[in-house]
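Visitor: Mind looking over this structure? Questions follow.
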Amino acid sequence: MRVSQFAAVGVLAVVVAAGCSSSPNLGNGLGTNCSGTFDLEERTEALGSSVALEQVVRTKSAQPEPVSLGELTAAAQWSDDWDRMVVVYEGTRRDRLNARSELPDYCWLHLWDFNWDARDHVEYYVFIQGTTPKQSVRSYSGRNLFGLLGDVEVLRPDTVLEPKAPRPGQLGFFRPASTGS
């Protein structure tokens, strides 16, 4: 009897440990060797208020003039201590995010697999300076602040954005300005 109790406790410990190592609370962005780690759900606002940025995007997207990403963050009274922004969609793979963000071997907490059952899908706007992610702004499909076109994967402070005005049932947002005719 005592041996079966120990066996049951041992099996339970293995099941719990296996569950913790692939915990959906951490996402799929972890690796064995990390040059650094950033939590996409971190709410520290090192650059400025995420709410202020969203308000600026919503207000300025209703106006017809193109604007740079740096002008939007300045209007939100953000620090200019960033040199690029990467949009991270739900389902983004770690290796792809590392390539886009120019951060090899980086680990990302809360980098989610695509949830086919969810109505809304999370996306993050990660602002990076050099080799340091500074701030993540969380949004959801249908409430996005920035929409990318084709192979545009990284936005810089001088990236010119065109407004996409709000329509019934859709909030306004920005996307990179068209460069072709």
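The values are calculated or read from the model by the stated rules, or taken from the named source; none is laboratory data. In this text the structure is predicted, and so the values were computed from the model without any measurement. Note that we place each Cβ from the backbone using ideal geometry, even for glycine, and neighbour counts take in every protein chain shown. These area figures cover heavy atoms from the full protein model, side chains too; ligands, DNA and RNA do not enter into them. Shrake-Rupley method; radii C 1.70, N 1.55, O 1.52, S 1.80 Å.
Visitor: Would you check the accessible area of R167, probe 1.4 Å, heavy atoms only, in square angstrom rounded to 10?
Guide: Roll a 1.4 Å probe over it and R167 shows about 150 Å².
Visitor: Report the paramagnetic label zone for A165: residues of region 61-79 whose backbone N is under 12 Å from a point 7 Å from Cα along the Cα-to-Cβ axis.
Guide: Residues passing the 12 Å test: 61-65.
Visitor: Okay, moving on. Where nothing but the Cβ of Lys and Arg (+1) and of Asp and Glu (-1) is charged, how large is the charge dipole of region 128-178 around its Cα centre, in debye to the nearest 20?
Guide: Its charge dipole is roughly 260 debye.
Visitor: Just for region 36-181, what percent of DSSP beta bridges are antiparallel, to the closest 5?
Guide: Taking every DSSP beta bridge with both residues in region 36-181, the antiparallel ones total about 80 percent.
Visitor: Under the Karplus relation 6.51 cos²θ - 1.76 cosθ + 1.60, θ = phi - 60°, what is the ordered set of whole-Hz ³J(HN,Hα) values for region 33-43, x standing for Gly and Pro?
Guide: 10, 10, 6, x, 9, 9, 8, 4, 8, 4, 9
Visitor: What is the spin-label model distance, in nm, from T44 to S79 if the labels are put 7 Å beyond Cα along the C-beta direction?
Guide: Roughly 1.0 nm, to one decimal.
Visitor: Turning to a different aspect of this structure: With a 1.4 Å probe and all protein chains left in place, how much of the accessible area of region 59-181 comes from carbon and sulfur atoms, in whole percent? Can you show the working numbers first?
Guide: Values: 3040 of 6420 Å².
Summing carbon and sulfur atoms, their accessible area is 47 percent of the total for region 59-181.
Visitor: First select every other residue whose beta carbon is under 14 angstrom from the beta carbon of G172; then total the charges, Lys and Arg +1, Asp and Glu -1.
Guide: So the surrounding residues net to +3.
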